[in-house]
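Peer 1: Quick one: the structure is below, questions incoming.
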Amino acid sequence: MTNIKKNVKEILDEIPDEVKLVAAAKTRTADEIMAAIEAGVEIIGENYVQESLDVYQLVGDKAEWHFIGHLQRNKVKEVVPIYEMIESLDSKRLARKINKEAKKINKVQKVLIEINSGEEEQKFGILPEDAIEFTKYVSNFGNLKVLGLMTMGPRFGEPEKSRPYFQKTKKIFDQLNGMGIDNIEMKYLSMGMTNSYKIALEEGANIIRIGTKIFGKREK
Ligand SMILES: *Cc1c(COP(=O)(O)O)cnc(C)c1O
């Protein structure tokens with residue numbers, strides 16, 4: 001049995017107060033998620049809609065929910081009412097759909113734009129060269145609020161290999177910040193996972209998303 005509480009406490013002790021910890025909870029049970037919350041986790045990150053609706057039934061508003069996986073448009077309707085933030089906005093079509101569903105329930109949905117900093121190594125996200133045009137496009141939606149950027153970077157291998165991807169994303173973050181686009185706030189930079197969060201913090205992340213180091217190894 002993984003010692004979830006001990007793992008959470010170790011991470012919380014280690015990271016600066018202003019950094020938000022997202023517990024990446026894909027494939028984890030409601031009991032595991034509750035253990036993390038009891039140890040001080042305030043934000044749960046989920047990748048799969050149906051799975052998250054199931055655990056949401058049990059965990060509910062004891063945590064804040066962030067969607068961190070690739071979101072299909074036909075699932076947006078189920079995500080918008082529950083999720084505080086969608087960290088993985090990765091296309092114009094998805095932006096239009098989230099805006100439409102948020103409008104229906106009179107919500108302004110907080111989002112981060114996912115940057116495909118790894119380019120060919122990564123499947124989803126906005127390419128760095130398209131980031132400014134994409135952000136301007138999204139700024140026009142009344143029921144979306146862009147609060148920053150998210151990136152994955154490489155999942156495995158040498159942590160140091162992640163650094164250039166994080167640097168690239170931070171550069172876009174600073175550039176967008178300096179542009180003062182209406183309705184856009186560059187407040188959060190979500191980068192770093194179990195193998196790379198220390199590097200991500202050095203490169204300016206203020207949200208880190210950790211699964212394995214909290215819950216132990218995953219089956220899938
Ligand atoms: C699974 C996942 C994480 C956490 O990965 P670990 O290596 O288990 O810490 C972070 N971000 C996203 C988008 C994920 O899917």
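Peer 1: Pull up region 147-196, narrow it to residues that are in contact (Cβ under 8 Å) with a residue 60 or more places away in the chain and among the hydroxyl-bearing types (Ser, Thr, Tyr), then point me to the one that is nearest to the ligand (Cβ to nearest atom).
Peer 2: At the first step, the residues of region 147-196 found to be in contact (Cβ under 8 Å) with a residue 60 or more places away in the chain are 147, 150, 188, 190, 193.
From what is left, the residues that are among the hydroxyl-bearing types (Ser, Thr, Tyr) are 188, 190.
Details: Tyr188: 14, Ser190: 8 Å.
So, considering only residues that are in contact (Cβ under 8 Å) with a residue 60 or more places away in the chain and among the hydroxyl-bearing types (Ser, Thr, Tyr), the one nearest to the ligand (Cβ to nearest atom) is Ser190.
Peer 1: What's the total number of residues in region 30-86 that are closer than 20 Å to Gly216 by Cα and hydroxyl-bearing (Ser, Thr, Tyr)?
Peer 2: Total satisfying the criteria: 2.
Peer 1: Quick test for you: out of Val41, Val55, pick the one residue that is within 23 Å of Leu89 (Cα to Cα) and within 16 Å of the ligand (Cβ to nearest atom). Spell out the reasoning first.
Peer 2: Values: Val41 fails: within 23 Å of Leu89 (Cα to Cα).
Within the list Val41, Val55, the selection yields Val55.
Peer 1: Of everything in region 208-220, what is within 10 Å of the ligand (Cβ to nearest atom) and either touching a residue at least 40 places away in the same chain (Cβ under 8 Å) or not charged (D, E, K, R) (or both)? Give them in sequence order.
Peer 2: Within region 208-220, Ile208, Arg209, Ile210, Gly211, Thr212, Lys213, Ile214, Phe215, Gly216, Arg218 meet the criteria.
Peer 1: Condition test on Ala102, is it buried (at least 19 other Cβ atoms within 10 Å of the Cβ), closer than 21 Å to Asn183 by Cβ, touching a residue at least 12 places away in the same chain (Cβ under 8 Å) and in contact with a strand residue (DSSP E or B) (Cβ under 6 Å, 6 or more places away or on another chain)? Spell out the reasoning first.
Peer 2: Values: buried (at least 19 other Cβ atoms within 10 Å of the Cβ): yes; closer than 21 Å to Asn183 by Cβ: yes; touching a residue at least 12 places away in the same chain (Cβ under 8 Å): yes; in contact with a strand residue (DSSP E or B) (Cβ under 6 Å, 6 or more places away or on another chain): yes.
Criteria met by Ala102.
Peer 1: If you don't mind, there's one more thing I want to ask. Which condition breaks for Lys217 when tested against (1) under 19 Å from Ile86 (Cβ atoms); (2) in a loop (DSSP other than H, G, I, E, B); (3) over 17 Å from the mean Cα position of the chain (by Cα)?
Peer 2: (1)
Peer 1: Within region 126-141, can you find the residues that are closer than 19 Å to Ala102 by Cβ and not polar (S, T, N, Q)?
Peer 2: Here is the first cut: in region 126-141, the residues closer than 19 Å to Ala102 by Cβ are 134-135, 137-141.
Once the filter is applied, which keeps residues that are closer than 19 Å to Ala102 by Cβ and not polar (S, T, N, Q), region 126-141 yields Phe134, Tyr137, Val138, Phe141.
Peer 1: Show me the strands (runs of 3 or more DSSP E) found entirely inside region 46-153 where at least 1 residues are of a type in the set (S, T, N, Q).
Peer 2: Numbers: elements: 64-67, 85-89, 109-115, 144-151.
Answer list for region 46-153: 85-89, 109-115, 144-151.
Here, each number is a calculation from the coordinates, and none is a lab measurement. This structure is a prediction, so every number in the text was calculated from the model and none was measured. Don't worry about glycine lacking a Cβ; one is built from the backbone with ideal geometry, like all the others, and counts go over all protein chains shown.
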